[in-house]
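The values are calculated or read from the model by the stated rules, or taken from the named source; none is laboratory data. Not measured: the values here are computed from a predicted model. When we count neighbours, we look across all protein chains shown, and the Cβ atoms used for this are built from the backbone with ideal geometry, even at glycine. Side chains included, ligands, DNA and RNA excluded: accessible areas come from the protein's heavy atoms. Shrake-Rupley method; radii C 1.70, N 1.55, O 1.52, S 1.80 Å.
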Amino acid sequence: MANQEIARRRTFAIIAHPDAGKTSLTEKLLLFGGQIQVAGAVKSNKIKKTATSDWMDIEKQRGISVTTSVMEFDYHDYKINILDTPGHQDFAEDTYRTLTAVDSVIIVVDGAKGVETQTRKLMEVCRMRNTPVIIFVNKMDREAKDPFDLLDELEEELVINVRPLTWPIESGPRFKGVYNIYEQKLNLFQPSKQVVTEKVEVDIHTEDLDNHIGTPLAEKLRSELELIDGVYPDFNVDDYLKGELAPVFFGSALNNFGVQELLDCFVEIAPSPRPVQAEEREVQPEEPKFTGFVFKITANIDPNHRSCVAFCKVCSGKFTRNTPYLHVRHNKTMRFSSPTQFMAQRKTTVDEAWAGDIIGLPDNGTFKIGDTLTEGELLHFKGLPSFSPEMFKYIENADPMKTKQLNKGIDQLMDEGVAQLFVNQFNGRKIIGTVGQLQFEVIQYRLENEYNAKCRWEPLSLYKACWIESDDPAELEAFKKRKYQYMAKDRDGRDVFLADSGYVLQMAQMDFKHIKFHFTSEF
């Protein structure tokens with residue numbers, strides 16, 4: 001029974017550059033999962049301007065995702081968990097951490113623009129973890145690059161072998177549909193956001209194909225399919241599962257075209273929950289005892305209650321509501337009376353969850369990203385670092401009457417991992433470090449709208465923050481004295497050196513040979 005439950009789980013992240021149409025794809029996947037009432041854009045004639053998964057006000061106003069949202073639904077016999085990640089590069093860190101909690105990834109690529117910088121970076125993380133990848137080439141109903149050129153670009157830019165499993169017939173206004181190589185069926189394109197297009201079983205070697213798409217296009221399709229068979233190896237599921245081969249699908253997510261083929265093939269070939277590496281050992285999903293780790297914390301998912309939710313990936317066994325579990329970092333036992341599963345902001349309480357599932361646990365400040373829950377075993381899961389920030393500003397209280405609200409807001413937002421807080425040891429001022437400018441705007445907006453607190457930023461010119469440690473206490477002390485103005489503490493009380501230029505950092509590394517400089521928080 002346990003193994004059957006685990007085998008039907010599919011947990012994946014959708015990653016893309018912000019303009020690639022990831023939002024439309026997420027909406028349509030939810031449509032197939034019977035979540036039509038949520039994906040209102042699909043059902044009603046008034047098309048919503050925001051995605052189901054973008055539930056924060058700032059996401060709706062800007063039309064971007066600023067936080068990963070978690071959604072789950074049933075499809076045929078499978079239980080699917082989607083993690084919709086922010087595409088904007090300023091929020092890449094949230095996406096990196098999300099990739100530690102999934103078993104496979106769907107990359108969305110714009111048919112006209114091809115592979116963009118952000119996609120390339122995220123693919124590097126998938127390669128490091130050997131995560132299986134499926135590629136969906138979107139917006140084929142608009143003018144797009146030649147599909148063979150696109151395949152070459154995917155191989156070159158993402159450093160992975162590809163194999164098309166569907167093939168487009170033209171693009172833009174001439175777009176006729178896709179031929180499903182995997183199922184050997186023809187899908188004819190009808191631009192419609194409401195209707196799922198019908199599949200036609202066609203033998204491509206007969207005149208039947210000519211009747212559907214015309215003789216010139218039929219001839220072209222036959223020769224292209226012949227070329228594909230000659231150039232690309234047959235699709236091998238094992239190569240895909242090892243992360244060495246990416247199947248490619250073509251379609252138009254906005255028009256609900258090509259999405260069902262992607263989903264049908266995905267549930268069939270995508271991996272069920274995979275083993276997870278802890279520092280002590282490898283954890284197998286089929287193990288009877290529950291283990292899980294927190295990979296994300298979201299503040300204010302319900303603004304009326306100021307509540308935080310810690311998202312926990314179940315790595316093995318079965319999680320049961322109201323059962324005592326060990327919080328490894330605090331070494332204390334905790335019970336959870338209302339664990340939840342999510343549909344973006346809407347949540348339902350669950351009684352049990354299996355390996356591969358993602359559950360939300362109420363958090364009143366007890367969790368940090370990377371925390372482990374077990375049935376008693378002392379385990380520490382790896383791979384959830386915070387990166388060294390590249391932009392810094394002093395944060396000041398703009399309304400002294402709201403100091404308490406401001407401090408609570410900063411604490412909860414820092415728990416989410418959107419940015420990092422350092423306290424300067426020289427003047428005691430709070431410094432926020434981020435990867436991109438947009439994060440400062442999001443923090444200011446959320447403090448004002450969710451915590452009723454106002455802040456103002458003061459510029460601070462720094463090059464990089466790095467965590468320092470040394471086996472030589474005397475040298476460490478000498479360094480801290482010499483660099484007193486540039487020393488800070490992070491939220492865990494660790495020493496952080498705020499280098500004001502690349503040259504200063506280089507000289508410090510040369511002068512103090514026994515001090516280790518770390519550029520991620522995981523060391």
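Criterion first (hydrophobic (A, V, I, L, M, F, W, C), open to solvent by 40 Å² or more (accessible area, probe 1.4 Å), modelled with pLDDT of 90 or more and closer than 25 Å to residue 511 by Cα) does residue 488 satisfy it?
Numbers: hydrophobic (A, V, I, L, M, F, W, C): yes; open to solvent by 40 Å² or more (accessible area, probe 1.4 Å): no; modelled with pLDDT of 90 or more: yes; closer than 25 Å to residue 511 by Cα: yes.
Judged against the criteria, residue 488 is not a match.
Going by the structure shown, is residue 127 open to solvent by 20 Å² or more (accessible area, probe 1.4 Å), at pLDDT below 85 and either within 19 Å of residue 251 (Cβ to Cβ) or of a type in the set (D, E, K, R) (or both)?
Against the criterion (open to solvent by 20 Å² or more (accessible area, probe 1.4 Å), at pLDDT below 85 and either within 19 Å of residue 251 (Cβ to Cβ) or of a type in the set (D, E, K, R) (or both)), residue 127 qualifies.
Taking interchain pairs and intrachain pairs at least six residues apart, which have beta carbon atoms under 7 angstrom, with the first residue in segment 504-523 and farther than 17 Å from residue 462 by Cβ and the second open to solvent by 90 Å² or more (accessible area, probe 1.4 Å)?
514/471
State all residues of segment 378-409 that are modelled with pLDDT of 85 or more, in contact with a strand residue (DSSP E or B) (Cβ under 7 Å, 6 or more places away or on another chain) and closer than 28 Å to residue 321 by Cβ; if no residue qualifies, say none. So that I can check it myself, show each step before the final result.
Step one: of segment 378-409, the residues modelled with pLDDT of 85 or more are 378-380, 391-409.
Now drop any that are not in contact with a strand residue (DSSP E or B) (Cβ under 7 Å, 6 or more places away or on another chain), which leaves 379-380, 391-398, 403, 406.
If the condition is that a residue be modelled with pLDDT of 85 or more, in contact with a strand residue (DSSP E or B) (Cβ under 7 Å, 6 or more places away or on another chain) and closer than 28 Å to residue 321 by Cβ, then 379, 380 are the ones that fit.
Could you grab me the full set of residues in segment 410-446 that are out of contact with any strand residue (DSSP E or B) (no Cβ under 6 Å at 6 or more places or on another chain), among the basic types (Lys, Arg) and within 16 Å of residue 484 (Cα to Cα)?
Across segment 410-446, there are no qualifying residues.
A quick yes/no check of all residues on (1) out of contact with any His (no Cβ under 7 Å at 6 or more places or on another chain); (2) among the hydroxyl-bearing types (Ser, Thr, Tyr); (3) open to solvent by 40 Å² or more (accessible area, probe 1.4 Å):
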residue: 116; (1), (2), (3): no, no, no
residue: 137; (1), (2), (3): yes, no, no
residue: 142; (1), (2), (3): yes, no, yes
residue: 145; (1), (2), (3): yes, no, yes
residue: 150; (1), (2), (3): yes, no, no
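Name the residues in segment 350-368 that are closer than 17 Å to residue 330 by Cα and surrounded by 22 or more Cβ atoms within 10 Å (Cβ to Cβ), would you? Steps first, please.
Taking segment 350-368 and keeping what is closer than 17 Å to residue 330 by Cα, we get 361-368.
Once the filter is applied, which keeps residues that are closer than 17 Å to residue 330 by Cα and surrounded by 22 or more Cβ atoms within 10 Å (Cβ to Cβ), segment 350-368 yields 361, 367.
I'd like the full set of residues that are open to solvent by 80 Å² or more (accessible area, probe 1.4 Å), in contact with a Lys or Arg (Cβ under 7 Å, 6 or more places away or on another chain) and at pLDDT 75 or above, limited to segment 163-218.
Correct list: empty.
With respect to residue 324, determine if the residue is of a type outside the set (D, E, K, R), at pLDDT 85 or above, surrounded by fewer than 19 Cβ atoms within 10 Å (Cβ to Cβ) and touching a Gly at 6+ places or on another chain (Cβ under 6 Å).
no
Here's the yes/no breakdown for (1) at pLDDT 55 or above; (2) open to solvent by less than 20 Å² (accessible area, probe 1.4 Å); (3) under 30 Å from residue 435 (Cα atoms); (4) outside any helix (DSSP H, G or I):
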{"residue": "34", "(1), (2), (3), (4)": "yes, no, no, yes"}
{"residue": "47", "(1), (2), (3), (4)": "no, no, no, yes"}
{"residue": "50", "(1), (2), (3), (4)": "no, no, yes, yes"}
{"residue": "60", "(1), (2), (3), (4)": "no, no, yes, no"}
{"residue": "109", "(1), (2), (3), (4)": "yes, yes, yes, yes"}
{"residue": "121", "(1), (2), (3), (4)": "yes, no, yes, no"}
{"residue": "134", "(1), (2), (3), (4)": "yes, yes, yes, yes"}
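Confirm whether residue 283 is farther than 19 Å from residue 175 by Cβ and surrounded by 17 or more Cβ atoms within 10 Å (Cβ to Cβ).
Against the criterion (farther than 19 Å from residue 175 by Cβ and surrounded by 17 or more Cβ atoms within 10 Å (Cβ to Cβ)), residue 283 qualifies.
Under 9 Å between Cβ atoms, which residue pairs at least 6 apart in sequence (or on different chains) link something in segment 422-433 that is closer than 14 Å to residue 461 by Cα with a partner that is of a type in the set (S, T, N, Q) and assigned to a strand (DSSP E or B)?
431/420; 431/424; 432/420; 433/420
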